[in-house]
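K.L.:
What follows is a structure written as structure tokens; I'll ask about it next.
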């Protein structure tokens, strides 16, 4: 193998996927504002450039020009590390996404576990950011982030196990390949519902944006953040939305599989569909109290995930040839 | 199940994408303003084309933010008029008290609000900026034609609906 093949192509893949992910995250800020507008009987930002697409550029310039304020009363080191850790954890997960048969950074055998591990890490940025700000609203947001993590993390993992059992692997690429004939949304519909809800809670998006809680906690855990540190939280949140949408596509909607169009385009279209669904949820649903979210997670979602888990296990043992091996 | 109503909400909000938007895209389209809108202040003229303002200072007194400044003077016919008339629109709050105070319908507010400037000095309007050629909201009113004051060309008792003046000494019993 030449040097190009061993280092060049993987490096190209990594840079390409990172670039695409960040660009989509930037675009999503505009997409979200436009579609939120449309769903609220208004237009949204439509002035800067064609259809307002350069609003993103204006926003980024504004973010960069802002004063980068680090509170003297807080913990400086943790304050700086917290937003970075969010983006790092989310970006790491992009590495395991199989975007098309040829695009994808790592063909990790424990892909699903890797995602669960990294998604658990993102909550640290919320809690530490809230703690390091030394601000009561930020701390309340951080505590809520931790409470929310306890509410959704368990059934998120359990919901994914249904897919893992049917496919017989943790490898995301093999899971997509196993959906050649049947998307897992059909046999795993309840698993999909549970994972979707957990994913919304995971990305701290409305209606589960309790740590941010704009109406109660000003901006929650990132109330003290400004300039590009806030931008990193923002980027991490939108990357999270893309990531969860991409994972729903990968795990339940057949990844790159689809007629006519090339695989990566199918993947992007499906991902875009779920990104828009996230925006629609934000436009339509009110935020529950944190005890309601916890009760919903433990009393409704966890039993549902467990039932799905048991039923899938029984069917896999009885029907599938690999017998859940 | 109570979650069904959530699904219904999501669907209902989705259908909003097809609705007509309530946004008025301002520079291209504007809202119709009512004729009594209190916007840019003007000084009107009477039907003969003369200035209506008689420099009585009532508007300047009524103005709660003191944005009106003027100086009274007289022409050769004895008509009063303002030597200068200045409104500082960076102070004006468009309350319309000046219009209410004006005894001659001279000062009027108009349905126009597009008067932004880059320099504050340009917000100060002089008499030539304020005076319009028309009569504004009241087309037939002419103060000197109905007032009892004698000016050149119209003596006492010659105004509309005015009886000739009475010599009070000849009325003595």
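K.L.:
Please state the relative contact order of chain B as a whole percent: Cα pairs under 8 Å, 6+ residues apart?
P.N.:
The value is 25 percent.
K.L.:
Report Rg/Rh for region A:184-313, rounded to two decimals, where Rg is the Cα radius of gyration and Rh the Kirkwood radius.
P.N.:
Over the Cα atoms of region A:184-313, Rg/Rh equals 1.02.
K.L.:
Rank-order B:52-58, A:309-315 by packing density, defined as the average count of other C-beta atoms within 10 Å over each peptide's residues, highest first.
P.N.:
B:52-58, A:309-315
K.L.:
Right, another one. Using only helices, what value at 222 nm comes out for chain B when you add -39,500 (n - 2.57) per DSSP H run of length 4 or more and divide by the total residues, to the nearest 500 deg cm²/dmol?
P.N.:
Result for chain B, helices only: -4000 deg cm²/dmol.
K.L.:
Separate question: Hey, what angle do you get for helix A:302-318 against the long axis of chain A, alpha-carbon based, 0 to 90 degrees rounded to 10?
P.N.:
Rounded to the nearest ten degrees, it is 20.
K.L.:
What's the average, rounded to a whole number, of partner chain beta-carbon atoms within 10 Å of each residue's beta-carbon in B:9-21? Each step should come with its number before you reach the end.
P.N.:
Values: counts 5, 6, 2, 2, 8, 7, 1, 8, 8, 1, 4, 1, 7.
Taking all residues of B:9-21 together, the mean is 5.
K.L.:
For residue A:3 and residue A:307, calculate 0.36 nm times their separation in residues minus their Cα-Cα distance, and state this gained length in nm to one decimal.
P.N.:
Fully extending the segment from residue A:3 to residue A:307 adds 104.4 nm.
K.L.:
Divide by every residue of chain A the summed helix terms, -39500 (n - 2.57) for each DSSP H run of at least 4, and state the resulting mean residue ellipticity at 222 nm, rounded to the nearest 500 deg cm²/dmol.
P.N.:
The helix-only estimate for chain A comes to -22000 deg cm²/dmol at 222 nm.
K.L.:
Within a 10 angstrom radius of each residue's Cβ in A:301-308, how many Cβ atoms of other chains show up on average? Whole number is fine.
P.N.:
Partner Cβ neighbours, averaged per residue: 0.
K.L.:
Among B:139, A:257, what is the fewest-to-most ranking by other Cβ atoms within 10 Å?
P.N.:
Fewest-to-most ranking of B:139, A:257: B:139, A:257.
K.L.:
So what are the radius of gyration and Dmax for the Cα set of chain A, in Å?
P.N.:
Just the Cα atoms of chain A yield Rg and Dmax of 20.1, 63 Å.
K.L.:
Obtain the nm distance between the two label points defined at residue B:129 and residue B:91 by a simple spin-label model: each point lies 7 Å from its Cα along the Cα-to-C-beta direction.
P.N.:
For residue B:129 paired with residue B:91, the spin-label model returns 1.4 nm.
K.L.:
Hey, what angle do you get for helix A:111-132 against the long axis of chain A, alpha-carbon based, 0 to 90 degrees rounded to 10?
P.N.:
Taking the Cα atoms of chain A, the angle to A:111-132 is about 20 degrees.
K.L.:
Relative contact order (percent) for region A:228-325, with alpha-carbon contacts under 8 angstrom and 6 or more residues of separation?
P.N.:
Rounded, it is 17 percent for region A:228-325.
K.L.:
Oh, and also: Exposure proxy check: A:155, A:73 ranked by fewest other beta carbons within 10 Å?
P.N.:
Listed from fewest to most nearby Cβ atoms, that is A:73, A:155.
K.L.:
Give the order of A:126, B:135 when sorted by the count of other beta carbons within 10 angstrom, beginning with the fewest.
P.N.:
Details: A:126 29, B:135 19.
The order, fewest Cβ neighbours first, is B:135, A:126.
K.L.:
For labels at residue A:23 and residue B:24 in the simple 7 Å Cα→Cβ model, what's the distance in nm?
P.N.:
Distance between the two pseudo-spin positions: 4.1 nm.
K.L.:
How big is the Cα convex hull of region B:76-127 in projection, averaged over all directions, in nm²?
P.N.:
Mean projected area for region B:76-127: 4.8 nm², to one decimal.
K.L.:
Let me ask something additional. What percent does the relative contact order of chain A come to when contacts are Cα pairs within less than 8 Å and at least six residues apart? Please list the in-between numbers first.
P.N.:
On the way: 504 pairs, mean separation 77.2, N = 325.
That works out to 24 percent.
K.L.:
Could I ask something else about it? Where the centre of each part is set by its Cα atoms, how far does region A:211-246 sit from region A:25-103, in angstrom?
P.N.:
Centre-to-centre (Cα) distance: 9 Å.
K.L.:
Where does helix B:3-15 land angle-wise versus the long Cα axis of chain B, in degrees 0 to 90, nearest 10?
P.N.:
60 degrees
K.L.:
When ranked by the protection proxy of mean other Cβ atoms within 10 Å per residue, highest first, what sequence do the peptides B:21-28, B:81-88 form?
P.N.:
Descending packing order for the listed peptides: B:81-88, B:21-28.
K.L.:
Roughly speaking, what is the stretch gain from residue B:119 to residue B:75, that is 0.36 nm per residue apart minus the C-alpha to C-alpha distance, in nm to one decimal? Could the numbers behind the result be given before it?
P.N.:
Details: separation 44, 0.36 × 44 = 15.84 nm, distance 3.48 nm.
So the chain would gain 12.4 nm between residue B:119 and residue B:75.
K.L.:
Give the value in nm², to one decimal: projected area of the alpha carbon convex hull of region B:1-142, averaged over all directions.
P.N.:
Seen from a random direction, the Cα hull of region B:1-142 projects 13.8 nm² on average.
K.L.:
Let me know the Rg and Dmax you get for region A:237-309 when you use only its Cα atoms, in Å.
P.N.:
Radius of gyration, then largest Cα-Cα span, for region A:237-309: 15.4, 47 Å.
K.L.:
OK, next. Run the simple label-point estimate for residue A:84 and residue A:227 please: 7 Å along Cα→C-beta, distance reported in nm.
P.N.:
Each label point is offset 7 Å from its Cα along the Cβ direction, giving 1.5 nm.
K.L.:
Hey, another quick one. Is there a simple number for the mean count of other chain Cβ atoms within 10 Å of the Cβ of residues in B:89-102, and what is it?
P.N.:
0
K.L.:
May I have the pair-distance distribution P(r) for region A:21-136, computed from all Cα-Cα distances with 10 Å bins from 0 and rounded to whole percent?
P.N.:
Percent of pairs per bin, in order: 12, 26, 30, 28, 4, 0.
Computed from the coordinates by the stated procedures, all read-outs in this text should not be read as laboratory data. A quick note: this is a predicted structure, and the numbers were derived from the prediction, not measured. Cβ: placed from backbone, ideal geometry, glycine included. Neighbour counts: every protein chain shown.
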